[in-house]
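Heads up: the structure comes next, in structure tokens.
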Amino acid sequence: MSEDILVIDDDPVVTRMLSRVLSTHRVVVAHSGPDALVRLRNQAFALILCDLSMPGMSGMVFYDAVRAISPELARRVVFMTGGAFTAESHEFLNQHENSWLEKPFDIGALRELIARAAEL
């Protein structure tokens, strides 16, 4: 399986930080859901870290698109949130078994989650 990780976040500060923290993996960055979907057509990923709240296409809409393409890959989507939960996003996270991380990240928890995801 690929060791590549797709990071989707509209905040360049977050994507740079994650690229540094995950430097033992090949990190591919997408700054929007549509950009990430294009990348998924051309490359396999071990894990996808996806911001839940993004302009244009939310992480929830992105997840539904991934699930339609590959239910197995959808299991490896980890959501990231800045803690600004809407009722819709809170319900979404409760309805899905996918892991999620709250920003700012606990680096140890992030690395542990990456290690667990490699076992999927």
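Applying the condition of being touching a strand residue (DSSP E or B) at 6+ places or on another chain (Cβ under 6 Å) and either assigned to a loop (DSSP other than H, G, I, E, B) or of a type outside the set (Phe, Trp, Tyr) (or both) to the stretch 82-101 and asking which residue is surrounded by the fewest Cβ atoms within 10 Å (Cβ to Cβ) yields Gly83. With respect to Val78, is the statement that it is touching a Cys at 6+ places or on another chain (Cβ under 9 Å) and not in a helix (DSSP H, G or I) true? Yes; evaluated as a whole, the condition is true for this residue. Scanning the stretch 106-120 for residues that are modelled with pLDDT of 85 or more and not in a helix (DSSP H, G or I) yields a total of 1.
Strands (runs of 3 or more DSSP E) fully within the stretch 4-75 that include at least 2 residues being in contact (Cβ under 8 Å) with a residue 40 or more places away in the chain and crowded, with 16+ Cβ neighbours inside 10 Å: 5-8, 47-51.
The values are calculated or read from the model by the stated rules, or taken from the named source; none is laboratory data. The model shown is predicted, which means the values in this text are computed figures rather than measured ones. A quick note on method: Cβ atoms are made from the backbone with ideal geometry, for glycine too, and the neighbour counts reach across all protein chains shown.
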